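Q: What follows is a single structure, and I will ask about it in a moment.
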Amino acid sequence: MRTDFDTELEDRLVRYAKIDSQSDGHSASVPSTQIQLDMSRLLMDELKAMGAQDVTLSQDIVVLATIPATQGVNAPVMGWLAHVDTAPQFNATGVKPVVHRGYNGGDISFADAPDLRLSPEEYPFLSEKVGEDIITASGTTLLGADDKAGVAVVMTAARHLLDNPDIAHGKIRLAFVPDEEIGRGVTPNLPADLAADFAYTFDGSTPGDVEYESFSADAGVVKITGVSIHPGWAKDELVNALHLGAKVLMTLPHVTMTPETTEGRDGFIHAVSMTGSAAQVEMHFILRDFEMEGLEAKGALLRQVCETVAATEPRARITCEITHQYRNMRYWLEKDMTPVDMALAAVRKAGMEPVSGAIRGGTDGSRLTEFGTPCPNIFCGMQNVHGPLEWVSVQDMAKATLVALNLASSVAELDAPAG
């Protein structure tokens, strides 16, 4: 069944998905890629055109804007967030969104990848979308619904409130963040820049999802310096950094404790990349666990493996640096579940049964909550993200838009905090 928001959501997602805004974890710039600013500038123009106030670009390249409270409403300030970057794990250049209107229930094919199929047999949730409007890419890129579906939802809900001043709501602050996919979008500056009492990210998947627990996450960088020499004179002299890197990988658990061997509440150590030469190698890992004890143990294991390999070749130099990324937002949200309870009620009001599972990943809300602004995560409909089989139902985005509007209305009934 089509809704009042479907056409706008479809148009927005198709427009946004065509813009390459992929982030780059190897870049030290802010944002990590300048192309993300193409999305940021477009959103600023659209926000100004729809009548949003205080449209600015922060020092951290976050697009900020305000939907003012309706007259006479003195409620807590709520934030809505989505991220403008797309994942670096798969090609995001030249995205060609395809709308499969009135999905017929069969396999979906891809014009630019004839052998690729999106099948409801392999992805059963797709079989529930018969008659809905499905958006995919063309087969050689990701779609970018993570998180441009969330961007479309927030922008559509914001436009609706600005066009309908009779809908009572409190002040709402919007934030469109770069570099979420590489864990750098939310900085300690954002709570003050956002100036919200609590917030929600629209960066989840299945309709009804309200998430308040995520992984805790660290990043590991291992650097190996061998001894380089001409291979013709290498006898008893060459120390091949590539061989030592391979030893590190093979000494780590690889039939357990990897993403492909874990599920549910299991954590993992994931080898993301290994680059370099016989002379020098750099390896990147991500460490994930729901509990801090488990995360710390994984960091200790990576360090121990590096030390063990280093001991086999004292002429080499191996370093292992573990850095903080984000923490399980449950640690803070469970102290005051009011934002979560409001989201659950908003989902029920939209005619869905809420589901709260633990995210095997993180959101901007993980970092924002850690920095002091409670921020659960709400679905926006994206499926099979970070690859060519990514898809989203327009009608699922419409459900998320309705949840956002329900939240706006419910906050209007609360009193603003004193002071």
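Q: State the number of residues belonging to the stretch 159-190 that are in contact with a helix residue (DSSP H, G or I) (Cβ under 7 Å, 6 or more places away or on another chain) and outside any loop (DSSP other than H, G, I, E, B).
A: Residues meeting the conditions: 12.
Q: What do you reckon, is D415 surrounded by fewer than 18 Cβ atoms within 10 Å (Cβ to Cβ), more than 17 Å from the chain's Cα centre (by Cα) and not in a strand (DSSP E or B)?
A: In short, yes.
Q: Can you work out which of the residues in the stretch 85-116 that are charged (D, E, K, R) and surrounded by 15 or more Cβ atoms within 10 Å (Cβ to Cβ) is farthest from the chain's Cα centre (by Cα)?
A: Taking the candidates together, the pick is K96.
Q: Against the condition at pLDDT below 95, more than 19 Å from the chain's Cα centre (by Cα), closer than 20 Å to Q53 by Cβ and open to solvent by 20 Å² or more (accessible area, probe 1.4 Å), how does D166 come out, does it pass?
A: yes
Q: Now, a different point. Confirm whether L405 is more than 20 Å from the chain's Cα centre (by Cα), assigned to a helix (DSSP H, G or I) and among the aliphatic types (A, V, I, L, M).
A: Judged against the criteria, L405 is a match.
Q: Does N406 fit the bill of being crowded, with 18+ Cβ neighbours inside 10 Å, in contact (Cβ under 8 Å) with a residue 24 or more places away in the chain and over 25 Å from T262 (Cβ atoms)?
A: yes
Q: Residues in the stretch 45-60 that are among the hydrophobic types (A, V, I, L, M, F, W, C) and either open to solvent by less than 30 Å² (accessible area, probe 1.4 Å) or over 20 Å from I19 (Cβ atoms) (or both): how many?
A: 4
Q: Taking the stretch 371-416 as the search range and keeping residues that are at pLDDT below 95 and acidic (D, E), which one is nearest to N74 (Cα to Cα)?
A: So the residue we want is D415.
Q: Go through R330, R360 for me and flag whichever is among the basic types (K, R), in contact (Cβ under 8 Å) with a residue 12 or more places away in the chain and in contact with a strand residue (DSSP E or B) (Cβ under 7 Å, 6 or more places away or on another chain).
A: Going through R330, R360 in turn, just one is among the basic types (K, R), in contact (Cβ under 8 Å) with a residue 12 or more places away in the chain and in contact with a strand residue (DSSP E or B) (Cβ under 7 Å, 6 or more places away or on another chain): R330.
Q: Looking at the stretch 366-386, can you tell me whether even one residue there is over 30 Å from I269 (Cα atoms) and in contact (Cβ under 8 Å) with a residue 40 or more places away in the chain?
A: Checking the stretch 366-386: not a single residue is over 30 Å from I269 (Cα atoms) and in contact (Cβ under 8 Å) with a residue 40 or more places away in the chain.
Q: Could you please let me know if D146 is open to solvent by less than 10 Å² (accessible area, probe 1.4 Å) and in contact (Cβ under 8 Å) with a residue 24 or more places away in the chain?
A: no
Q: Looking at S23, S27, which is the one that is polar (S, T, N, Q), out of contact with any Pro (no Cβ under 9 Å at 6 or more places or on another chain) and surrounded by 14 or more Cβ atoms within 10 Å (Cβ to Cβ)?
A: None of the others qualify; the one that does is S27.
Q: Among the numbered criteria (1) open to solvent by less than 10 Å² (accessible area, probe 1.4 Å); (2) on the phi < 0 side of the Ramachandran plot; (3) not aromatic (F, W, Y), which one does S127 miss?
A: (1)
The values are calculated or read from the model by the stated rules, or taken from the named source; none is laboratory data. Keep in mind it's a predicted model, so treat the numbers as computed, not measured. Reconstructed Cβ throughout: ideal geometry from the backbone, glycine too, with neighbour counts over all protein chains shown. Remember, those area values only see protein heavy atoms, side chains included, never the ligands or the DNA or RNA. Shrake-Rupley method; radii C 1.70, N 1.55, O 1.52, S 1.80 Å.
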